[in-house]
Amino acid sequence: MSLADIGERISGVARGGPAASVAFVVAAFAFVLLDAVDGKPVHTDTDDLVRLLQIRDLIADRAYFDLTLPFISMPEPYVSHYSRVVDLPYFLIGSLLVPLIGMDAALAVVSWVVPLLLLAAFSALALYALRRVAGGRFGPFEALVTALTMALAILEFTPGRVDHHNLQLVLMMAMLVGLVGPARCGGAGLGVAVALSTAIGLECLPFALAGLAALALAAITGEAEDRLRMQAAGLALAVASVPAAILGYGPAIVLAGDCDTVSLPWLAALVGGGLLLLAAPLCWRASPFSGDTAAAKVARLASLALPGAALAAAIALAFPDCARGDYYGVVDPLSRRLWLDTLPQERSILYHFADGRYPLAILCAFWGFLVAATAPAAWRGWQAGRRELGMVWLVALSGFVAYLAIERTVRNDSALAAMLVPATIMLLRGERPFGLARAVSRRWLLGALAVPAALTLATYLAVPKTTPVFTVLDQLHLDHCISADADVLNDIAPSRIMAPLGTAAKILEHYRQHSVAAFKVHRAAPGMHRMFVTLTTSDPAERAEALAPFDYLAVCLRDIGFSGLEDTPLFARLLRGESVPGLVPVEPERASIFKLYRIDHAALH
């Protein structure tokens with residue numbers, strides 16, 4: 001064996017050996033298990049509670065296509081927008097466990113097991129894609145730095161985190177594997193991943209579109225293998241989209257026009273777009289499209305862009321609400337002003353800069369550095385026919401732009417930015433991928449570090465800072481009355497209860513025999529509207545109308561001293577111990593800040 005052979009074998013072990021895989025997996029599982037130790041995951045939120053209750057309801061009644069949740073009564077039935085695709089693994093494993101250990105224990109087990117299984121899948125996909133993208137060494141050091149950069153995404157797999165984000169991350173990574181893996185299988189996997197991701201939720205559509213755009217650009221500028229990958233992806237996307245939607249929401253969704261979940265407009269885009277990706281290369285054998293000239297490439301681009309624009313225009317005309325981005329159309333102006341508009345996750349990076357959240361500025365500068373540093377290598381690799389880094393770079397760029405526009409995508413952005421870490425480390429070591437000139441590489445790295453950092457710092461300092469002001473309404477949203485005795489709810493028959501959002505969370509989590517008027521999900525806006533009217537109006541007739549469908553009012557009477565008490569006159573009167581006509585205290589002798597009032601509708605005035 002020659003020295004060259006030995007060197008090549010050592011290089012192969014460094015790139016694809018088990019040490020890097022072990023380092024990445026150990027780091028990832030360490031992150032989530034340490035996060036789970038105190039029972040308070042970093043990313044936990046009320047979506048986990050509703051999702052777990054939805055899974056419980058599915059295991060109990062096995063009505064897979066019935067997404068009506070009995071524990072939210074607005075008083076109209078609440079139809080969930082949470083996809084059954086996410087529920088499925090919890091349902092399958094939980095159904096096997098319930099006869100053995102009971103419902104509560106089964107849910108506790110699946111809440112641990114399924115996120116860890118998903119983390120294993122995510123790690124395997126990420127490691128495959130990283131090795132393909134790295135273009136050089138991918139050893140334990142690169143694996144650890146990548147895992148650390150990916151921490152915000154990895155923490156979505158903490159046991160107890162049952163919301164949809166972790167499965168979305170798995171599918172996003174599967175899409176990246178499809179971009180860099182074998183043409184036929186990779187393309188098919190990519191199409192299925194996009195179909196399933198959209199059947200779960202629409203928040204990953206920007207990354208899916210970026211991935212499909214990268215796929216199309218590779219096919220336009222590349223070889224027969226790139227065109228085969230695009231056609232395989234298009235066929236899989238066209239074939240899988242409708243079954244995935246039915247798996248997520250049931251057959252009725254195919255003809256629905258909802259903008260906030262996969263439905264007819266989105267299915268038209270997915271199926272039509274998939275067929276376009278499949279069919280366009282068939283005409284590229286003709287003389288205007290064939291060859292490696294600039295004119296032929298422009299013609300190929302036009303053969304995709306023009307029909308794609310026509311399809312988008314037709315869908316926009318047929319579904320104008322969705323075209324306007326009215327995904328929260330069910331939310332009335334009052335609920336939008338007092339709830340939806342207060343959510344930080346729906347705001348841009350400038351809002352968070354104004355709020356003084358400097359850690360987000362650090363992320364902004366770091367991720368901007370990764371994108372900028374690897375741009376020349378991505379371009380040179382694309383020109384050399386090694387498009388793996390370039391295609392992933394385009395998707396990572398979409399993640400960075402999404403991060404600037406809306407904070408809720410931060411978990412996805414973390415995973416996408418981390419895919420550029422191995423190439424960045426290689427450049428920092430002075431290696432020259434794809435023949436990149438060393439001097440050019442060094443100058444570019446300095447600029448890639450300095451420019452994003454300077455722009456981020458200048459923007460952060462220029463944005464006027466605001467002092468957060470917490471109001472009584474914020475308190476009512478966030479105060480779950482955690483330590484308060486609410487067992488008075490066990491002394492009444494199952495009832496419809498009007499409660500602020502924080503108190504409603506306590507009722508849903510511990511007193512599931514009752515239903516609440518609203519919760520922190522946008523489709524509960526009709527009940528939310530009634531709740532806000534109840535709390536904020538000074539008109540007894542308006543309050544009586546809002547409370548008409550409900551049996552009890554529950555509230556956590558805690559005086560924190562926040563401003564805005566005058567904006568919630570009913571809460572102010574109850575906090576002062578005043579009697580309110582039509583609200584009869586239940587077991588008033590209980591020494592608890594959780595208070596329950598029976599609604600005497602005849603006496604409300």
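Brief remarks on what is shown
- Ser579 accessible area, 1.4 Å probe, all protein chains in place, Å² to nearest 10: 100
- Using C-alpha pairs under 8 Å with a sequence gap of at least 6, the mean separation divided by the residue count of the range 109-241 gives a relative contact order of 26 percent.
- When peptides 395-406, 300-311 are ranked by their average number of other Cβ atoms within 10 Å per residue, the highest-first order is 395-406, 300-311.
- Alpha carbon convex hull of the range 178-218, projected area averaged over orientations, nm²: 2.6
- Across the chain, Cα pairs under 8 Å and at least six residues apart give a relative contact order of 14 percent.
- Heavy-atom surface analysis with a 1.4 Å probe gives the chain a carbon and sulfur content of 67 percent of its accessible area.
- Toward the positive end of the charge dipole of the chain, with +1 on the Cβ of Lys and Arg and -1 on the Cβ of Asp and Glu, the farthest Cα among Leu116, Trp382, Val180 is that of Trp382.
- A simple packing score, the average count of other Cβ atoms within 10 Å per residue, orders the peptides 553-566, 222-235 as 222-235, 553-566, with the highest score first.
- In summary, the convex hull built on the alpha carbon positions of the range 331-390 has an orientation-averaged projected area of 6.4 nm².
- Listed peptides 457-464, 377-384 by packing density, highest first (mean Cβ within 10 Å): 377-384, 457-464
- Heavy-atom accessible surface of Arg432, to the nearest 10 Å², is about 140 Å², with a 1.4 Å probe and all protein chains retained.
- Whole-Å semi-axes of the range 274-428's equivalent ellipsoid (Cα gyration tensor): 35, 28, 10
- Each Lys and Arg Cβ is given +1 and each Asp and Glu Cβ -1; about its Cα centre, the range 473-602 then shows a dipole of about 320 debye.
- Antiparallel content of DSSP bridges confined to the chain, in %, to 5: 65
- Take every Cα pair under 8 Å whose residues are at least 6 apart in sequence, average their separation, divide by the length of the range 359-468, and the relative contact order is 35 percent.
- For the chain, the solvent-accessible area with a 1.4 angstrom probe is 42 square angstrom per residue.
- Dipole in debye (nearest 20) - the chain, about Cα centre, beta carbon charges: Lys, Arg +1; Asp, Glu -1: 2600
- For the chain, Cys with no neighbouring Cys Cβ under 4.7 Å: Cys185, Cys204, Cys283, Cys364
- Dipole-positive endmost among Met498, Ala30, Ser303 within the chain (Cβ charges, Cα centre): Ser303
- Each listed q (0.06 Å⁻¹) maps to a log10 I(q)/I(0) for the chain from the Debye sum over equal C-alpha point scatterers, namely -0.37.
- The range 90-197 - charge dipole about Cα centre, Lys and Arg +1 at Cβ, Asp and Glu -1, debye rounded to 20: 440
- Rounded to two decimals, the Cα radius of gyration of the range 52-190 over 2.2 N^0.38 Å is 1.27.
- Computed helical MRE - 222 nm, the chain, DSSP H runs ≥ 4 contributing -39500 (n - 2.57), nearest 500: -20500 deg cm²/dmol
- For the residues Arg598, Arg84, a 1.4 Å probe over the protein chains yields an accessible-area ranking, largest first, of Arg598, Arg84.
- Across the range 470-605, counting alpha-carbon atoms alone, Rg and Dmax equal 13.5, 37 Å.
- When the charge dipole of the chain is built from unit charges on Cβ atoms (+1 for Lys and Arg, -1 for Asp and Glu) and taken about the Cα centre, the candidate among Pro70, Leu205, Leu277 whose Cα reaches farthest toward its positive end is Leu277.
The values are calculated or read from the model by the stated rules, or taken from the named source; none is laboratory data. Because the structure is a prediction, the values reported are computed rather than measured. Note: ideal-geometry Cβ built from the backbone for every residue, glycine included; neighbour counts use all protein chains shown. Keep in mind that these areas ignore ligands, DNA and RNA; they rest on the heavy atoms of the full protein, side chains included. Shrake-Rupley method; radii C 1.70, N 1.55, O 1.52, S 1.80 Å.
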